[in-house]
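Before any comments, here is the structure.
The values are calculated or read from the model by the stated rules, or taken from the named source; none is laboratory data. Note that the coordinates shown come from a computational prediction; the quantities given were computed from them, not determined experimentally. Note that each Cβ is placed from the backbone with ideal geometry, even for glycine, and that neighbours are counted across all protein chains shown. In case anyone asks, the SASA skips ligands and DNA or RNA and just uses the protein heavy atoms, side chains included. Shrake-Rupley method; radii C 1.70, N 1.55, O 1.52, S 1.80 Å.
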Amino acid sequence: MGADWIMDRDRDADLRFDFARDLLCAADANGYFTSLNGGWERLLGWTVEELMARPLLDFVHPADRDRTLEETAKVAGRGEPVVHFENRCRARGGEWRWLRWSARSDGQAWFAVVIDITERKDTEARLRALLTDDHLLAYTQPILDQRRRSVAQEELLVRLRGSRGGDEVIAPADFLPDVERCGLIGVVDRWMVAQGVALAARGRRAEVNLSARSIGDQGLAAELEETIARSGASAENLIFEITETAAIEHLDEARDFADRLTRLGCRFALDDFGTGFGSLTYLRRLPVGYLKIDTSFVTGLASSREDRAMVRGIVAIARELGVLTVAEGIEDAATLGLLRDYGVDYVQGYLIGPPVPLT
Ligand code: C2E
Ligand code: MG
Ligand code: MG
């Protein structure tokens, strides 16, 4: 039996089954365990005999029982090879552990692999409390049209106000990975989109970063259409950034999302461009207005012949496709000079202006 069948998504790497740590069980049609591995005793503190003596529902949190019943009924039903669900189970000491079940039936008995996700649930609850107006902050960084020498648009970048009060501001690298892992990135993206729409309604042109999860979210696309219409913002003032990697990995979803919002007048930028290089044929399938050349090619531009070749290549491809280029991460005048020579359209970086709180 491969471990893949217990996974909903590849990105849930911490949900990969581990024989030494995780739980296995079989149960009968009456809802009693018939077989359990040693992990159950270690995690919950009950002996295997104690666990098998009562219906397994007895161990489930009262608030989770109805849902557990519904899900286990699906396991027995046909056409659902593997059923995933979560519930809290009582440990011998009285505390509750969050468990994630992946169960399937052979027609009579059912079998499950079960993973303790208590820690992840705690992180999720802690993060959820932070992802509110009280803690979320939007920063803005100018993007310069290098021919006109004027700010053409600005990128909105999320920050988090620390929970310890004071002036502590947490950078995306220190909280977005957990936010993604807990499936809460949509909360951040929606909040930032609202900031972008408000800015656009004031006549400023805003770029908003969207995660892979958000571009697959049809609900968000519909909400956006409505919010833009309601705000009176000009859709041309809204640019959405999707990373090249997310676009390649979710090409159909990215195209549907981008098509839908491009029809309104919004535009799309491929972020961190150059890092996902494989084939470029996907570019023809996406309505992309901008390629944002990844910082990793810009930082060493003055000293690396390969990076200079890469940037010139990207600019040439973009021209052929009628797409504008943006170089990010510019920190010194020498780099800016080279980028101007290569004909990069827009420039962004600490040299031009660092991200500052949006007021
Ligand atoms: P990104 O979208 O590629 O953003 C560019 C990053 O480069 C930002 O980091 C920016 O502060 C930083 N930067 C700007 N100029 C310079 C420079 O001259 N030198 C260097 N070394 N760095 C520069 P930041 O703000 O820490 O954001 C990191 C990443 O987090 C972003 O990369 C983006 O992928 C993600 N992110 C930020 N805000 C959001 C958001 O609202 N939603 C989503 N889904 N992702 C976000
Ligand atoms: Mg970006
Ligand atoms: Mg980038």
Output for Cβ contacts, cut-off 8 Å, separation at least six or different chains, first residue closer than 17 Å to residue 99 by Cβ in segment 58-80, second modelled with pLDDT under 95 and of a type in the set (Phe, Trp, Tyr), reads 72/110; 75/110
Are there any pairs, at least 6 apart or on different chains, whose C-beta atoms fall under 7 Å, with the first in segment 104-120 and under 19 Å from residue 32 (Cα atoms) and the second basic (Lys, Arg) and surrounded by fewer than 19 Cβ atoms within 10 Å (Cβ to Cβ), and if so, which?
-> 110/104; 111/104
Has segment 150-173 got at least one residue that is open to solvent by 70 Å² or more (accessible area, probe 1.4 Å), assigned by TED's automatic domain parsing to the domain that holds residue 349 and within 16 Å of ligand 2 (Cβ to nearest atom)?
-> yes
In segment 184-209, anything touching a residue at least 40 places away in the same chain (Cβ under 8 Å) and either more than 10 Å from ligand 1 (Cβ to nearest atom) or not in a strand (DSSP E or B) (or both) is listed as 184, 187, 188, 191, 192, 195, 196, 197, 199, 204, 205, 206
Quickly run through segment 325-343 and pick out the residues that are within 16 Å of ligand 2 (Cβ to nearest atom), assigned to a loop (DSSP other than H, G, I, E, B) and more than 24 Å from the chain's Cα centre (by Cα).
-> 330
Boolean, residue 224 is buried (at least 23 other Cβ atoms within 10 Å of the Cβ), modelled with pLDDT under 95, in the same structural domain as residue 155 (by TED's automatic domain parsing) and under 18 Å from the mean Cα position of the chain (by Cα) = yes
Does segment 193-213 hold any residues that are within 16 Å of ligand 3 (Cβ to nearest atom) and surrounded by 22 or more Cβ atoms within 10 Å (Cβ to Cβ), and which are they?
-> 206, 207, 208, 209, 210
Segment 234-249, residues that are among the small types (Gly, Ala, Ser) and either closer than 23 Å to residue 294 by Cβ or surrounded by 22 or more Cβ atoms within 10 Å (Cβ to Cβ) (or both) = 246, 247
Looking only at residues in segment 243-255 that are touching a residue at least 12 places away in the same chain (Cβ under 8 Å) and away from ligand 1 (no atom under 16 Å from the Cβ), which one is farthest from residue 220 (Cα to Cα)?
-> 251
Condition broken by residue 290, with the remaining ones in (1) touching a helix residue (DSSP H, G or I) at 6+ places or on another chain (Cβ under 6 Å); (2) within 13 Å of ligand 1 (Cβ to nearest atom) satisfied = (1)
Restricting segment 179-191 to residues that are out of contact with any Lys or Arg (no Cβ under 9 Å at 6 or more places or on another chain) and open to solvent by 10 Å² or more (accessible area, probe 1.4 Å), which is farthest from residue 218 (Cα to Cα)?
-> 191
Restricting to segment 302-342, what's the tally of residues that are under 23 Å from residue 154 (Cβ atoms), loosely packed, with under 15 Cβ neighbours inside 10 Å and in contact with a strand residue (DSSP E or B) (Cβ under 9 Å, 6 or more places away or on another chain)?
-> 1
When you scan segment 221-305 for strands (runs of 3 or more DSSP E) that lie fully inside it, which ones turn up with 1 or more residues that are more than 13 Å from ligand 3 (Cβ to nearest atom)?
-> 238-243, 267-273
Filtering segment 18-35 down to residues that are of a type in the set (S, T, N, Q) and open to solvent by 80 Å² or more (accessible area, probe 1.4 Å) yields 30
Where residues in segment 160-183 are free of Cβ contacts under 8 Å to residues at least 60 places away in the same chain and charged (D, E, K, R), which of them is nearest to ligand 1 (Cβ to nearest atom)?
-> 174
